[in-house]
1. For segment 58-91, give me each residue that is closer than 16 Å to residue 142 by Cα and of a type in the set (Phe, Trp, Tyr).
2. For residues that are farther than 19 Å from residue 73 by Cβ and not aliphatic (A, V, I, L, M), tally how many sit in segment 90-128.
3. Kindly provide the set of residues from segment 112-139 that are more than 12 Å from the chain's Cα centre (by Cα) and either of a type in the set (Val, Ile, Thr) or surrounded by 22 or more Cβ atoms within 10 Å (Cβ to Cβ) (or both), ordered by number.
4. Please specify each residue of segment 97-110 satisfying the condition of being over 13 Å from residue 42 (Cβ atoms) and surrounded by fewer than 20 Cβ atoms within 10 Å (Cβ to Cβ).
5. I need every pair where a residue in segment 73-94 that is under 19 Å from residue 46 (Cα atoms) has its Cβ under 6 Å from the Cβ of a residue that is among the β-branched types (Val, Ile, Thr) and not in a loop (DSSP other than H, G, I, E, B), sequence separation at least 6 or different chains.
Amino acid sequence: MTLRRCQADVDGANLPVEMRVAWLLALIVTGGCGGTTDLSHATLTYAVDAATDANRPLIVELSATWCKPCQIFATQVLTDPRVKEALRDVVFVSYDIDTAAGRDAMRRCHARGVPAVLGIDHDGIIRLEKFGTEPTADEFLVFMRQAHAVLGTHADGAAIKTK
């Protein structure tokens, strides 16, 4: 797999630390990472920054309301209690590609279509991608284990860097 960098967000690339801190505080107050906080209107670069600040892997789902496999994934896989628990350890953002933020995320990631699930590291590099959906919670949990292995830390605790 060729590693690709999500294109930089000129408007949000240099967010002031105060804004990041305020956003993280809001994130914590509203229930933390892992699917309970709606980042779907945030730019992809902002989501990368949030994952970096939270020291958690970033998992991005690209979907659409008209996409039948996307809806099956949302209603049958993402609702599984084991999947909900697995998503607590990551920053999970689901983008509808028919919204401005979703189109922007799809463009930046050079995604070919939906459904797509991407694992993006703290440098904004796509390290893991899955096109099409995982039809069962068990299969998505395998993807999540792969994401943790790829996006996690080395045995010595150093973050994976690609710069």
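1. 73
2. 10
3. Hits for segment 112-139 are 114, 115, 133, 136.
4. In the first step, residues of segment 97-110 are kept if they are over 13 Å from residue 42 (Cβ atoms); the result is 97-98, 103, 106-107, 109-110.
Those that are over 13 Å from residue 42 (Cβ atoms) and surrounded by fewer than 20 Cβ atoms within 10 Å (Cβ to Cβ): 98, 103, 107, 110.
5. Listed by first residue and then by second, the contacts come to 90/59; 92/59; 93/60.
Residues checked against (1) surrounded by fewer than 22 Cβ atoms within 10 Å (Cβ to Cβ); (2) of a type outside the set (A, V, I, L, M, F, W, C); (3) modelled with pLDDT of 95 or more; (4) not in a helix (DSSP H, G or I):
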position	(1), (2), (3), (4)
34	yes, yes, no, yes
51	no, no, no, no
66	yes, no, yes, yes
72	yes, no, no, no
89	yes, yes, no, yes
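The values are calculated or read from the model by the stated rules, or taken from the named source; none is laboratory data. No experiment lies behind these values; they were computed from the predicted model shown. Glycine gets a Cβ as well: all are built from the backbone with ideal geometry, and neighbour counts include every protein chain shown.
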